[in-house]
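One structure is given here, and the rest of the page talks about it.
The values are calculated or read from the model by the stated rules, or taken from the named source; none is laboratory data. Remember, predicted model here, so these are calculated numbers, not experimental data. As a convention, Cβ positions derive from the backbone with ideal geometry for all residues, glycine included, and neighbour counts pool all protein chains shown.
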Amino acid sequence: MQIRIGYEIVYECPQPTPMILTLHVHASRVSDLVAPDHLITTPSVPLTAYHDSYGNWCSRILAPQGEIKLAASTLINDRGQPDAFVPTAVQHQVQDLPADTLMYLLGSRYCETDLLSVTAWQLFGNAPMGWARVQAVCDFVNRHIVFGYQHARVTKTAQEAFNEKVGVCRDYTHLAIAFCRCLNIPARYCTGYLSDIGLPPPYATMDFAAWFEVYLGGQWHMFDARNNKPHFGRVLIARGRDAADVAISNTFGPNTLKSFKVYCDQVV
């Protein structure tokens, strides 16, 4: 099937403001794009692009004083299958993990493994290792946190989400990642488009979504503690240690977000 993806984001800046934008579809899905997801700015400004240290495709602009609109729209081919389910995926001993996975065992800005380690082992130490243990983490986090946009806070960490028991998808993801790392399972943060395909209405306002990947059985596997069930039409934009590494925009000056729209809809 084909999915139309895109966004329209409007900022107002009181002065010229440098920005780093992480909005392009990840390289792992570029071959599925029917046409490139070019970033269009209004007014038009020069743009340069680079790959960050995690392999994400980023853009740099100097936003002018006043309003600037960032937009993209394209089609992407999708296999039309739900998220993979691999219950036989095994957990590796730390000494057997590939070197490039080890950074995803460590604490990070929003995932305080040092503060949550004892709790993680108390909650999940008796769960079967591998896929079942990660699923146990997702089941707990999904039940433990109550979703609500009013509970969103850009500074909220995994431990704070655990204590407050409310949050948005990034909070579910940070807590699940922190627990997995405490249990010696490499886990990394993902952001991207997530469709409502196959779900009954009413539909929530579309937004970029957060989920995570863990390293089991010699490869990375996707999990989603917020939804905790297979979804269709998941399109990756970026990966990193936590939300700090995959922010859709980093702005280096005062600004106001005036408008924010995201869409991810099946083409029929």
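Would you mind telling me which numbered condition in (1) farther than 22 Å from residue 149 by Cβ; (2) among the β-branched types (Val, Ile, Thr); (3) part of a loop (DSSP other than H, G, I, E, B) residue 214 fails?
(3)
Would you check which residues across segment 1-43 are under 19 Å from residue 194 (Cβ atoms) and assigned to a strand (DSSP E or B) and list them?
The answer is 2, 3, 4, 5, 6, 7, 8, 9, 33.
If we scan segment 59-81, do we find a residue that is part of a loop (DSSP other than H, G, I, E, B), at positive phi and within 23 Å of the chain's Cα centre (by Cα)?
yes
Just to be sure before I move on: is residue 179 surrounded by 24 or more Cβ atoms within 10 Å (Cβ to Cβ), assigned to a helix (DSSP H, G or I) and assigned by TED's automatic domain parsing to the domain that holds residue 219 in the structure I sent?
So residue 179 fits the description; yes.
So if I check each of 191, 256, 251, 173, which one is closer than 30 Å to residue 67 by Cβ, surrounded by 24 or more Cβ atoms within 10 Å (Cβ to Cβ) and hydroxyl-bearing (Ser, Thr, Tyr)?
191
Pairs under 9 Å by beta carbon, first residue outside the structural domain of residue 170 (by TED's automatic domain parsing) in segment 111-133, partner crowded, with 16+ Cβ neighbours inside 10 Å and among the aliphatic types (A, V, I, L, M), six or more apart or different chains?
Going by the 9 Å Cβ cut-off, there are no qualifying pairs.
Do you know which of the residues in segment 220-244 that are assigned to a strand (DSSP E or B) and of a type in the set (D, E, K, R) is surrounded by the fewest Cβ atoms within 10 Å (Cβ to Cβ)?
The residue in question is 239.
Considering each of 53, 31, 59, 44 in turn, give the residue that is closer than 23 Å to residue 259 by Cα and surrounded by fewer than 12 Cβ atoms within 10 Å (Cβ to Cβ).
When all the criteria are applied, what remains is 44.
Considering only segment 1-49, state which residues are more than 17 Å from residue 209 (Cα to Cα), in contact with a Gly (Cβ under 6 Å, 6 or more places away or on another chain) and among the aliphatic types (A, V, I, L, M).
Scanning segment 1-49 gives a single hit, 1.
Out of 241, 226, 234, report the one residue that is assigned by TED's automatic domain parsing to the domain that holds residue 173, touching a Leu at 6+ places or on another chain (Cβ under 6 Å) and touching a residue at least 24 places away in the same chain (Cβ under 8 Å).
234
Please tell me if residue 203 is part of a helix (DSSP H, G or I) and not basic (Lys, Arg).
no
Looking at segment 137-154, I want the residues that are modelled with pLDDT of 95 or more and have a partner that is among the acidic types (Asp, Glu) and assigned to a loop (DSSP other than H, G, I, E, B) with Cβ atoms under 8 Å, at least 6 apart or on another chain. Which pairs are those?
138/224
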